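The values are calculated or read from the model by the stated rules, or taken from the named source; none is laboratory data. Please read all numbers here as calculations on a predicted model, not as lab measurements. Note that each Cβ is placed from the backbone with ideal geometry, even for glycine, and that neighbours are counted across all protein chains shown. These area figures cover heavy atoms from the full protein model, side chains too; ligands, DNA and RNA do not enter into them. Shrake-Rupley method; radii C 1.70, N 1.55, O 1.52, S 1.80 Å.
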Amino acid sequence: MASPGVGLSNPTQPSLTNLVEQKLRAERVVKAGASWFLMVGVLSLINSVLSMSGTGVRFIFGLGIAQFVDAIAHQAGQSGFALDLIINGFMAGVFVLFWNFARKGEQWAFMIGMGLYAVDALAMLMSQNLLPVAFHAYALYRIYRGMSGIRLLRQFEAQLQPAGAPIQPR
C-alpha cells in the first residue's frame, strides 16, 4: 500500500496554519467592531467633562443623548454637574459593557448596542446636526462589520476544535 510523500496533504483540507490565520483575522474583525463601543463610551465621558468645564469643544464621536443631559445640567447649576457625570458615566459604562461582551464574540451585545446607538443617532437627527449623525452611521457600519465576523469566527473555531476535546471557555 502506497502512502503520499512527505509534505503532501489533502488539497481539499485547509492546513492547520491557514485555519489559525483565518481564525485570527476573524477575531481581529470582531474586536475591531467591538472597539467602537469603547470609543463611543469614553469619548462621551470626555465630552461631558469638557462641557462641565465650560469649553466650547465637543467631539462628534460621543453619544448625542449626553449632549441633552449636559444642557439640562448647565441649567440646573452646580448640583446638575454631579448628576450629569453620574448619568453620562452610567451611559458610558453601558457601552463599555457592550464592548466587553462584543469583543468576546457575543452577538447579543452587538445587536443591543447597535440598536441603542441607532436610537441615539435618531436623537441627533432631531437636533439637525448632520456631522454627528454621519459619524453615527459610519460607526454603526463598522460595528456591524465586527458583528458579521462572528459567524466566520465560530466556523473556524469549530474546525480547529479536535473531535471529543473538552469545551474551552472563552
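I'd like to check something: does the stretch 101-120 contain any residue that is more than 14 Å from the chain's Cα centre (by Cα) and either hydroxyl-bearing (Ser, Thr, Tyr) or assigned to a helix (DSSP H, G or I) (or both)? Break it down into steps so the answer makes sense when it comes.
Of the residues in the stretch 101-120, the ones more than 14 Å from the chain's Cα centre (by Cα) are 119-120.
Imposing the further condition that a residue be either hydroxyl-bearing (Ser, Thr, Tyr) or assigned to a helix (DSSP H, G or I) (or both) reduces the set to 119-120.
Within the stretch 101-120 (the criterion being more than 14 Å from the chain's Cα centre (by Cα) and either hydroxyl-bearing (Ser, Thr, Tyr) or assigned to a helix (DSSP H, G or I) (or both)), the answer is yes, since at least one residue qualifies.
Picking from Gly113, Gly146, which residue would you name as being under 12 Å from Val40 (Cα atoms), among the small types (Gly, Ala, Ser) and open to solvent by less than 50 Å² (accessible area, probe 1.4 Å)? Full working, then the answer.
Numbers: Gly146 fails: under 12 Å from Val40 (Cα atoms).
On inspection, the qualifying residue turns out to be Gly113.
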Only residues that are part of a helix (DSSP H, G or I) and open to solvent by 90 Å² or more (accessible area, probe 1.4 Å): list them for the stretch 121-141, please. Leu122, Met126, Leu130, Leu131, Tyr138, Tyr141
Residue hits (the stretch 62-106; open to solvent by 70 Å² or more (accessible area, probe 1.4 Å) and either of a type in the set (Phe, Trp, Tyr) or touching a residue at least 24 places away in the same chain (Cβ under 8 Å) (or both)) are Phe68, Leu85, Phe90, Phe101, Arg103, Lys104
Within the stretch 53-96, count every residue that is β-branched (Val, Ile, Thr), in contact with a helix residue (DSSP H, G or I) (Cβ under 8 Å, 6 or more places away or on another chain) and farther than 16 Å from Gly113 by Cα. 5
Kindly indicate the residue of the stretch 40-61 that is in contact (Cβ under 8 Å) with a residue 40 or more places away in the chain and outside any helix (DSSP H, G or I) and also surrounded by the most Cβ atoms within 10 Å (Cβ to Cβ) among those meeting that condition. Phe61
